[in-house]
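Q: Starting off with a structure, shown below.
The values are calculated or read from the model by the stated rules, or taken from the named source; none is laboratory data. Bear in mind the structure is a predicted one, so any value in this text is a computation, not a measurement. Please note: Cβ atoms are built from the backbone with ideal geometry, for glycine as well, and neighbour counts cover all protein chains shown.
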């Protein structure tokens, strides 16, 4: 090894020389230091569809240390008026417009409804698996509802690891490029039922009254028991009224999910708001086979729920609507949990703001947010836990982990002045680093190389335990 260089490896639990897919001892422990027993169901199987129980292996926090800082006294116009049409990832924003998460942690929110993937793995039919995968793809963007804060830009080489035994997965991500900013992630089921990986290159642009985030990069889900791989790209996200008025978010664009083994495809249209707002948050689409024959109709809202129905029943309902006939109603609907039973001609009791067609099947419903969510940046219960630093975690986390960033930690604790100072300090760090390594997107082992003269000034204030681990 060159004497002028040191290598700091994230404790990922992956061994680059291990081709058998087994995990090292470090990966067999949850972030809190608890061992992971992969011989058990780990909350997957039949229990995997239930929300985590309070008597599970690990309890997670339910609120942030300090409430959200008000943005009412700050004007974004003075900052953005010179940035119309420009790429916002290169523009420094005041910390008041951030939320106390790194973008790597924001990516981890894809995993909140991972039970849908466990369910997909158990389905015997390809059509049923595609229904679950489509629901998972929609659920992955549901956490963005009312989330108007900007996540912190990850530093080059920054990482994030998460093991959730109760949800049956482990996850790791890394910022692998600074210009352009590229984030890569890799996840797998604790029962080896799936792999989930991809790279994200968001393009942020300001258009006068709105900020648009165009996702770039392909997301891949592999269902190992069926030898299937699904790929898709997320819809575009837009934040409106950034200058004046109430901020609101919409997603729009077409998402195509392809099953590369069978040729089946799910086409989902995230509808733009429209002139009178009737299409706001709506998602409509269908599943088709390789011959483009429609097999299943999907509809709902990405902020609430997703339903599915047979194409013939869907067309019959629409014909009744066009003729002005009242649709037939019944007592209740059916969910995916009852997928093996006969679909009845029914309308569910709880319709929210989605018109549910009789005979529809519930594919997914959003989790209820905590009562104090509005004071916590509109975080979900899952999101609240992402930056949690439990006792003993610093002993097994890599020093490049997001949880150790002092700017994010200070903002979470309500110390905005310190958070702003640390944010400015860290944003200058990449300029001090030499020609940084060209990180691989293989996501086998993540590493960050520092020049020896800068190794004494880490990117983050690293606890002693983490520094000792990195040097080991």
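Q: In region 193-218, what count of residues is obtained for those that are touching a helix residue (DSSP H, G or I) at 6+ places or on another chain (Cβ under 8 Å), modelled with pLDDT of 80 or more and buried (at least 20 other Cβ atoms within 10 Å of the Cβ)?
A: 6
Q: In contact with a strand residue (DSSP E or B) (Cβ under 7 Å, 6 or more places away or on another chain), closer than 25 Å to residue 132 by Cβ, part of a strand (DSSP E or B) and touching a residue at least 40 places away in the same chain (Cβ under 8 Å), is that true of residue 160?
A: It is false that residue 160 is in contact with a strand residue (DSSP E or B) (Cβ under 7 Å, 6 or more places away or on another chain), closer than 25 Å to residue 132 by Cβ, part of a strand (DSSP E or B) and touching a residue at least 40 places away in the same chain (Cβ under 8 Å).
Q: Hey, can you tell me all the residues within region 131-144 that are farther than 15 Å from residue 195 by Cα, out of contact with any helix residue (DSSP H, G or I) (no Cβ under 8 Å at 6 or more places or on another chain) and at pLDDT 95 or above?
A: 134, 138
Q: A further question on this structure: Within region 391-444, which residues are over 17 Å from residue 173 (Cα atoms), modelled with pLDDT of 90 or more and assigned to a loop (DSSP other than H, G, I, E, B)?
A: Those that are over 17 Å from residue 173 (Cα atoms), modelled with pLDDT of 90 or more and assigned to a loop (DSSP other than H, G, I, E, B): 413, 414, 415.
Q: Would you say residue 146 is closer than 25 Å to residue 403 by Cβ and assigned to a strand (DSSP E or B)?
A: no
Q: Test residue 126 against the criterion of being under 26 Å from residue 261 (Cα atoms), buried (at least 22 other Cβ atoms within 10 Å of the Cβ) and in contact (Cβ under 8 Å) with a residue 12 or more places away in the chain, and give yes or no.
A: When the stated conditions are applied, residue 126 does not pass them.
Q: May I pose another question? Could you grab me the full set of residues in region 387-411 that are closer than 14 Å to residue 105 by Cα and crowded, with 19+ Cβ neighbours inside 10 Å?
A: Listed by number, the residues that qualify are 387, 400, 401, 402, 403, 404, 405, 408, 409.
Q: Check whether at least one residue in region 208-220 is closer than 25 Å to residue 288 by Cα, part of a strand (DSSP E or B) and in contact (Cβ under 8 Å) with a residue 12 or more places away in the chain, and report yes or no.
A: Let us first name the residues in region 208-220 that are closer than 25 Å to residue 288 by Cα, namely 215-220.
Going one step further and asking which of them are part of a strand (DSSP E or B), we end up with 219-220.
When the remaining residues are screened for being in contact (Cβ under 8 Å) with a residue 12 or more places away in the chain, the result is 219-220.
The answer is yes; a qualifying residue exists.
Q: Can you tell me which residue among 283, 255, 239, 267 is out of contact with any helix residue (DSSP H, G or I) (no Cβ under 9 Å at 6 or more places or on another chain) and under 21 Å from residue 128 (Cα atoms)?
A: 267
Q: Is it the case that region 98-120 has a residue that's more than 17 Å from residue 186 (Cβ to Cβ), touching a residue at least 40 places away in the same chain (Cβ under 8 Å), in a loop (DSSP other than H, G, I, E, B) and touching a helix residue (DSSP H, G or I) at 6+ places or on another chain (Cβ under 9 Å)?
A: Looking for residues that are more than 17 Å from residue 186 (Cβ to Cβ), touching a residue at least 40 places away in the same chain (Cβ under 8 Å), in a loop (DSSP other than H, G, I, E, B) and touching a helix residue (DSSP H, G or I) at 6+ places or on another chain (Cβ under 9 Å), one finds none in region 98-120, hence no.
Q: Report, ordered by the first and then the second residue, all pairs with beta carbons closer than 7 Å, sequence separation of six or more or different chains, a first member in region 183-195 that is closer than 27 Å to residue 152 by Cα, and a second member that is in a loop (DSSP other than H, G, I, E, B).
A: Once the first residue is closer than 27 Å to residue 152 by Cα and sits in region 183-195, its partners that are in a loop (DSSP other than H, G, I, E, B) give 183/154; 184/441; 184/443; 186/443.
Q: Do you know which residues across region 289-308 are assigned to a loop (DSSP other than H, G, I, E, B) and out of contact with any helix residue (DSSP H, G or I) (no Cβ under 8 Å at 6 or more places or on another chain)?
A: Listed by number, the residues that qualify are 289, 290, 291, 292, 293, 304.
Q: Would a scan of region 370-383 turn up a residue that is part of a loop (DSSP other than H, G, I, E, B), surrounded by fewer than 20 Cβ atoms within 10 Å (Cβ to Cβ) and without any contact (Cβ under 8 Å) to a residue 24 or more places away in the chain?
A: Scanning region 370-383, I find at least one residue that is part of a loop (DSSP other than H, G, I, E, B), surrounded by fewer than 20 Cβ atoms within 10 Å (Cβ to Cβ) and without any contact (Cβ under 8 Å) to a residue 24 or more places away in the chain, so the answer is yes.
Q: Shifting gears a bit: Considering each residue of region 230-288, count those that are touching a residue at least 24 places away in the same chain (Cβ under 8 Å), under 24 Å from residue 377 (Cβ atoms), touching a strand residue (DSSP E or B) at 6+ places or on another chain (Cβ under 8 Å) and outside any strand (DSSP E or B), and give that number.
A: 7
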